[in-house]
């Protein structure tokens, strides 16, 4: 097993609507998708964003796209019209998810893009 | 006619101004039936447009309208490429006037369709809002209230011969769906075709975001010539099946770019709500065709909602931001102390937040939990304290900003590069109103080359 940041395995983008944030998490390779389903659960994502106090975290599975879509409620301090955050849209937060480490089995390491930043 | 090409010339107000040129060039070269859409209207963009219109009844349309259309209008008219944009913003008739003048200047004769009726601030609209919105702010503080219209009024304008259509608030994907309904004669209850056309529109509406914009991550997701990205062109057939491609230039279209944009601002993938249809991508799949083309399969649709969304914008008080840099040994401690000094001296009734840019900023929360915990972040000796304030009145925020300015002589050692900014804020909320309470209006104006 190797601890790798999600950034080595997947990519994603955030979108905002009011105080609600969605983050897609898209496997670079279909072989990685089951690992994401198993490791990146609603609870894990809620814990990763605990400091933003989400009132709910929903995960939608899109196996044909090798993607997960997370919807986090009430994490944007009121959103773009109210927050004092520099990034009131939460646009930077996809990379907070991608910065999270998970355990990757040896047989999946071939699908990882290991760079200095992610190892 | 088996298929139609639709390109995107703008994905938001403030998008690259030269993007439509390559799109129109490629649409012309194709010789196929074609349209180009311009999506330039965010939630607050419309409120700001409304404020401009209050100051001058001739304004309130997209400020870049002329710059966007001037290089392409003549070519579009000559090649029969339909132009559809929500660049009417708070004043679609004024946008129609500008387009008419532009047509005269470039020697084109054309029919302009003007779609309005989204504005809910008139007496009738306000009655509807009062009846339907629990959280309606004090009417005196209202800046704008606009219902999201669907494709139908745009289709009516096209059916009546419009070659350019200027709208106010319509749902973004409806800009794409309307020319498809017009071209293929789809029923407004053909949910699967409407769902597919809507998702084609969803992929187009943010311009470069599906062709390598907002995507590059060097060494991981590289984008060719990111300074000259070709904006998207979708090819859609009579059943709504579609392929996403792009105009000449840099950028790329592949499974990764399309997946990121397909899920952008989507919540439940089985229920993407628009005024026209509830689109469903829960079973969608992608096929890379090569040459920067991706086919999107498996999109379906369900019956449209009975209500329309209204975005209500109102006076949101004032936002002040002040920044100061600290460098070298103990820089973070000096920046944090500066923040504490400003906090102790600021008016007590103000909302305030501190960041240390370079250590902890965008990740943190407004309540300051991360700040108080002295949280993680990378150690750095080149940091910038940022303090943000908000309050209902300007004077309170100005008072607080003066405390940032005073850090020059009375704050911690070695602070430099103070910048202050103060601006009014627009707040927004939304509610839902019955579909039949909103009356879309379509007007056709003929602009003749003198």
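Here are the numbers for the structure shown:
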item	result
Approximate spin-label separation residue B:18-residue B:56, in nm, with each point projected 7 Å along Cα-to-Cβ	2.8
At R0 = 45 Å, FRET efficiency that the Cβ-Cβ distance of residue B:293 and residue B:126 yields, to 0.05	0.40
Chain lengthening between residue B:381 and residue B:237 when straightened (0.36 nm per residue, less Cα-Cα)	46.1 nm
Shape of the range B:354-416, Cα gyration tensor, a/c cut at 1.5	oblate
Residue order, fewest to most surrounding Cβ atoms within 10 angstrom, among B:198, B:176, B:109	B:109, B:176, B:198
D (Stokes-Einstein, µm²/s), Kirkwood Cα radius, the protein assembly as shown, 1.002 mPa s at 20 °C	85
Burial ordering of B:29, B:307, B:396, B:82, fewest other beta-carbon atoms within 10 Å first	B:29, B:307, B:396, B:82
Residues of the range B:35-71 with amide N under 20 Å of the 7 Å Cα→Cβ point at residue B:441	B:46-47, B:49-62
Debye log10 I(q)/I(0) at q = 0.10, 0.12 Å⁻¹ for chain B, Cα point scatterers	-0.81, -1.06
FRET E, pair residue B:369, residue B:109, Förster distance 60 Å, beta-carbon r, rounded to 0.05	0.45
Evaluated at q = 0.10, 0.13, 0.14 Å⁻¹: base-10 log I(q)/I(0), Debye formula over Cα of the range B:315-430	-0.28, -0.47, -0.54
Zone residues, the range B:312-340, relative to residue B:419, backbone N less than 16 Å from point 7 Å out along Cα-to-Cβ	B:320-326
20 Å cut-off, amide nitrogen to a point 7 angstrom out along residue B:222 Cα→Cβ, residues in the range B:257-272	B:257-258
Inter-probe distance in nm under a simple model that places probes 7 Å from Cα toward Cβ, at residue B:405 and residue A:91	3.0
Estimated FRET transfer efficiency when R0 is 30 angstrom, pair residue A:74-residue B:268 (beta carbons, to 0.05)	0.95
Sequence of B:204, B:73 once ranked by neighbouring C-beta atoms within 10 Å, starting from the fewest	B:73, B:204
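Read the figures in this text as sums done on the coordinates, not as results from a lab. The structure presented is a predicted model; accordingly, all values stated were derived computationally and were not measured. Cβ sites come from the backbone with ideal geometry, for glycine too, and all protein chains shown count toward neighbours.
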